[in-house]
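The values are calculated or read from the model by the stated rules, or taken from the named source; none is laboratory data. Since the structure is predicted, the reported quantities are computational estimates derived from the model, not experimental observations. Here the Cβ positions follow ideal geometry from the backbone for every residue, glycine too, while neighbour counts run over all protein chains shown. Quick note on the areas: whole protein, heavy atoms, side chains included, nothing else; ligands and nucleic acids left out. Shrake-Rupley method; radii C 1.70, N 1.55, O 1.52, S 1.80 Å.
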Amino acid sequence: MSDARSDDRSGGGESTFTVVVAAAANLGIAVAKLVAGLISGSSAMLSEAAHSVADTVTELMLLTALKRSEKPPDEDHPLGYGPERYVWAMLAAVATFVGGAVFSLYDGIHTLLRGEELGDPLVSYLVLAVAFLLEGFSLRTGVRQVRGDAARLRMPAPRYLRRTPDTAVKAVVMEDSAALAGLLLAAGGLLGGQLSGSGVYDGIASVLIGVLLVYVAWVLCRSNAQLLIGRPLPAEMRAGVREELLSVPHIVEVLELTTLIQGPSELLVAAKIDFRDASTAAQVEWACEEAEQQLRERYPSIQRVYLDPTPGRAQRAATRSGG
């Protein structure tokens, strides 16, 4: 999010396409991994199958989040349904933990303690290669959106990914990156077992996949929790909001500024404003309209602006002393 006058809207349609691509890829990959895992007897492949199933469930929840958050405001929800996407996105992160991480850790530890009979790994290698291509395509789609959004905001892509309120795209990029790493771990486990004849390497790979998924789930849960609790605009953007408000004639001081991210393209600004004592009611009304227009021109994602005319400190002190 930049201080520049740029369009900081995140395309809901683009986010939906990114999630759909990821869901379609993971559904096909999950079935293939499951079959390969049963044929080869590889716990790492079965862990990867659980990983892909969890990712598919995650993407379905993210699609639900995107759909429900687009509902317009109504009498019961005057500020809209934007934050609902973060509820579903958090549930998706929990699904990644429960469906992928827990199974992978359990299966890996079980293999290390009990051992396993290794079957023909050829099918698993083929499935891993195809899965790597599909996951790579899905990740490429997500990274392309991240780079495009970051370029519009004139900020580095890694920083945008870390701070973006579009947690659906963040989830896709992180989960696809983890999927590619998991595929390499599974391949390493298969190769280690093939060369040594021991299932230890496969078990270790499964445990590492579980640890990787725990990390991804934790990062996504934390991001969505911060947005559900209420995260303000970045400091440089808050400074830009103050700058715009103070540039409006009749506005003397911004006494208090409250900002809130309600969604990727739904930002709220509320401020207590000290106007010139000599300003008329009509001038105050004009200044409020002008301030809102300037803010939306600079930051198009600002959907709601609430300005409260409030006496300045000097005026309040004079009123108290006069009373």
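Things worth noting here:
- 3J(HN,Hα) along region 275-280: 9, 4, 4, 8, 5, 7 Hz, from the Karplus curve 6.51 cos²θ - 1.76 cosθ + 1.60 with θ = phi - 60°, whole Hz, x for Gly and Pro.
- Sorting the Cα pairs of the chain by distance into bins of 10 Å, from 0 upward, gives 6, 23, 24, 18, 12, 8, 5, 3, 1, 0 percent per bin.
- What you get for the chain, charging only the Cβ of Lys and Arg (+1) and of Asp and Glu (-1), is a dipole of about 600 debye around the Cα centre.
- Among the protein heavy atoms of the chain, carbon and sulfur supply 64% of the accessible surface, probe 1.4 Å, non-protein parts ignored.
- Here the gap between LEU255 and VAL130, fully extended at 0.36 nm per residue and compared with their Cα-Cα distance, gives a gain of 39.1 nm.
- In the chain, the calculated helix contribution to ellipticity at 222 nm averages -23000 deg cm²/dmol per residue, counting -39,500 (n - 2.57) for every DSSP H run with n ≥ 4.
- Amide H to amide H distances under 5 Å link GLY41 with GLY119, where only residues 5 or more positions off or on other chains count and H is placed in the peptide plane.
- One chain, two ends: TYR106 and TYR215. Fully extended at 0.36 nm per residue, the span grows by 37.6 nm beyond their Cα-Cα distance.
- From phi via Karplus (6.51, -1.76, 1.60), per-residue ³J(HN,Hα) for region 196-204 in Hz, x at Gly/Pro: 9, x, 10, x, 4, 4, 5, x, 4
- Taking label points 7 Å from Cα along the Cα-to-Cβ direction, LEU184 and GLU243 give a separation of 4.1 nm.
- Relative contact order for region 56-151, counting Cα pairs under 8 Å that sit 6 or more residues apart, in percent: 22 percent
- Residues ARG154 and ARG296, FRET efficiency given R0 of 25 Å [Cβ-Cβ distance, rounded to 0.05]: 0.85
- Across region 134-214, the relative contact order, built from alpha-carbon pairs under 8 Å that are at least six residues apart, equals 25 percent.
- Entry note, region 152-308: relative contact order of 18 percent, from Cα contacts under 8 Å with a spacing of 6+ residues.
- Among LEU184, LEU267, ILE229 the positive-end extreme of the charge dipole of region 180-272 (Cβ point charges): LEU184
- Here r is the Cβ-Cβ distance between VAL200 and THR16 and R0 is 56 Å; the resulting FRET efficiency, rounded to 0.05, is 0.85.
- What separates the Cα centres of region 31-69 and region 241-289 is a distance of 48 Å.
- Compared with the alpha-carbon gap, the fully stretched path from TYR306 to LEU27 is longer by 95.9 nm at 0.36 nm per residue.
- Antiparallel DSSP beta bridges within the chain, percent to nearest 5: 60 percent
- In order along region 133-144, the phi-based Karplus estimate (6.51 cos²θ - 1.76 cosθ + 1.60, θ = phi - 60°) of 3J(HN,Hα) comes to 5, 5, 5, x, 5, 5, 5, 4, 4, x, 5, 4 Hz; Gly and Pro are listed as x.
- Per residue, in Å², the accessible surface of the chain once ligands and nucleic acids are set aside, probe 1.4 Å: 47 Å²
- Dipole of the chain [Lys/Arg +1, Asp/Glu -1 at C-beta], most positive-end residue of MET155, THR141, ALA54: MET155
- Volume per residue of the convex hull around the Cα atoms, evaluated for region 231-296, comes out as 78 Å³.
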